[in-house]
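This report concerns only the one structure given below.
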Amino acid sequence: MLEVQNLVKAYGDLRVLDNVSARIENGRILVIIGLNGSGKSTLLKVITGILPCDNGCVRIDGQDVTSLEPEDRKIGYVPQSTALFNHLTVRENIIYSQKNGRGSPDGFEAVVSMLNLRGYLSKKPKELSGGYRARVALARALYSQPSVMLLDEPLTEIDHAKKEQMLPEFKQVLHQLNIPVLYITHDPREAELIGDAFAVMYDGKLKTIGTTEEAFEIIRAQVLAGAGIA
Amino acid sequence: MAGNLMRKVSLIELLFVPFFLLLIVYPIAAIIFNLTPAGIAKTFADPLFWTSVGSTILTAFFAALMGLALALGFGYYYIFRKGTVMYRVADFLNDLPIALPHTVAGLALLLAFGRKAFGFAGPTGLAFTLFAVTLAMFFVSYPLAARTIASGADEIEREVIDVARTLGDSTTRAYQRVVIPLMGEGIISAFILSFSRSISEFAAVIMFGGNVPGQTQVLASYVFTKVEEGEVAMAVTASAFCILIALFLVVGLRMRGKFHA
């Protein structure tokens with residue numbers, strides 16, 4: 001289970017995260033929807049430990065990990081850019097965490113089969129399409145046997161038609177892990193296809209919602225308010 | 001036709017071309033045009049010339065290696081420890097050797113590692129040895145290597161390093177396993193630039209390493225000595241040799257992208 005409580009992150013007077021709290025049970029996928037600059041990516045970076053928070057705490061399976069370094073949190077992280085290691089092959093990318101005592105040969109076979117990467121293992125990331133780059137990034141995170149998965153708009157490089165095909169597949173793979181998953185997107189349709197629960201983020205605040213339509217309404221109201229129209 | 005051509009030439013071009021030809025190309029050409037067969041033969045027959053060539057390449061190579069090693073250390077601070085006092089001091093002092101007159105750099109090294117402070121290492125301390133020549137070259141070339149490594153680090157996507165951390169790498173491991181391999185081209189550039197700067201150094205080398213023919217004399221000081229002795233033809237030949245080495249380095253620098261790919 002992943003819990004964040006009253007997370008605060010500010011740059012000067014600007015509160016990028018403003019008392020953000022959330023709780024995700026094992027096997028559930030929470031999708032956070034928000035516009036660019038709403039604080040979504042900062043939230044993930046604070047949970048991974050890449051960015052320190054000013055206040056609040058992060059708990060994984062009941063353990064407070066707020067003061068731990070990123071390498072000690074056992075979090076699987078797929079950033080927006082996929083951030084593959086271009087000097088390594090697909091195989092070497094996937095088993096990267098093995099150097100740090102994570103993963104197993106069985107796990108490798110499982111993620112390669114799940115994500116249909118068998119024919120691409122000896123290729124370099126630059127030889128792959130956006131869709132396969134996203135698959136490799138996910139496989140690399142899955143192989144490390146994380147306690148929590150964080151995905152920051154991992155399908156940005158992929159067109160809508162391909163997303164419609166990939167997202168149910170990703171959802172199935174993520175459910176098989178039975179760990180909490182936090183998925184970030186600005187696309188309500190993408191959220192609908194992958195999420196079990198939804199939240200919307202605006203001005204550094206997080207609000208749980210029932211459906212993706214609510215997110216759309218909240219974001220629209222915020223944009224109009226920001227433009228002085230509503 | 002001629003009128004059309006004139007209209008296409010901008011004022012910047014009209015100023016740049018003659019000044020570039022006069023101040024950059026012409027002096028280099030002057031060396032080449034002043035080469036004489038007798039001067040070439042006399043220089044190539046001089047064993048001290050070849051000793052200075054060997055010393056130059058050897059000391060510049062080790063100076064560049066040292067510069068690269070320290071620059072990689074700076075690169076680590078540049079990526080992971082930017083908020084620290086150590087980083088700020090290192091970043092500030094990186095520019096100092098560039099701004100300092102190199103005679104001052106040489107004197108600083110002489111005072112720091114000469115007879116007074118390092119008398120136990122020999123009658124002149126570390127000064128006036130090939131190691132001193134290497135240190136002098138390193139001192140003036142390191143800033144270039146450090147700046148090049150920092151530029152190389154800027155080319156690497158920050159999220160790649162972040163992901164390596166979440167996969168279990170400490171900052172040191174992420175630097176070794178991800179940053180350094182991805183910076184390949186930057187590392188080659190840093191080495192070549194550092195090597196080039198080392199080869200061209202004169203003032204700091206003379207001050208700290210001396211100019212002992214057959215021992216600490218390098219190509220730059222060989223040229224100086226030959227001019228002082230009135231052997232201009234030999235100085236010209238040695239200078240042309242320096243230009244040849246510099247051309248190799250420039251070509252190497254231009255080729256680095258292809259080599260890395």
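The values are calculated or read from the model by the stated rules, or taken from the named source; none is laboratory data. Bear in mind the structure is a predicted one, so any value in this text is a computation, not a measurement. Because the Cβ atoms are built from the backbone with ideal geometry, glycine has one as well, and the counts that use them run over all protein chains shown. Surface areas here come from the heavy atoms of the whole protein model, side chains and all, with no ligands, DNA or RNA. Shrake-Rupley method; radii C 1.70, N 1.55, O 1.52, S 1.80 Å.
Side notes on the structure shown:
- Qualifying residue in the stretch A:74-83 (condition: at the interface with another protein chain (Cβ under 10 Å from one of its Cβ atoms), more than 18 Å from the chain's Cα centre (by Cα) and of a type in the set (Phe, Trp, Tyr)): no
- Each residue in the stretch B:134-162 was checked for being farther than 20 Å from B:Val89 by Cα and more than 14 Å from chain A (Cβ to nearest Cβ), and 4 of them qualify.
- Taken over the stretch A:55-73, the residue count meeting the criterion of being at the interface with another protein chain (Cβ under 7 Å from one of its Cβ atoms) and either at positive phi or among the β-branched types (Val, Ile, Thr) (or both) is 0.
- Residue that is touching a Gly at 6+ places or on another chain (Cβ under 6 Å) and in a helix (DSSP H, G or I), where the choices are A:Ala161, A:Ala141: A:Ala141
- Matching residues, the stretch B:150-169, being in a helix (DSSP H, G or I) and either closer than 18 Å to A:Glu92 by Cβ or without any contact (Cβ under 8 Å) to a residue 60 or more places away in the chain (or both): B:Ser151, B:Asp154, B:Arg158, B:Glu159, B:Val160, B:Ile161, B:Asp162, B:Val163, B:Ala164, B:Arg165, B:Thr166
- One residue from B:Thr216, B:Thr166 being within 11 Å of chain A (Cβ to nearest Cβ) and open to solvent by less than 30 Å² (accessible area, probe 1.4 Å): B:Thr166
- Scope the stretch A:90-123; condition within 12 Å of chain B (Cβ to nearest Cβ) and either acidic (Asp, Glu) or surrounded by 16 or more Cβ atoms within 10 Å (Cβ to Cβ) (or both); matching residues: A:Glu92, A:Asn93, A:Ile94, A:Ile95, A:Tyr96, A:Ser97, A:Gln98, A:Asn100, A:Arg102, A:Gly103
- Top-ranked residue of the stretch B:170-212 - restricted to ones that are farther than 24 Å from B:Leu247 by Cα, polar (S, T, N, Q) and without any contact (Cβ under 8 Å) to a residue 60 or more places away in the chain, ranked as nearest to the other protein chains (Cβ to nearest Cβ): B:Ser170
- Given (1) without any contact (Cβ under 8 Å) to a residue 40 or more places away in the chain; (2) closer than 30 Å to A:Asp18 by Cβ; (3) open to solvent by less than 20 Å² (accessible area, probe 1.4 Å), index of the condition A:Pro180 fails: (1)
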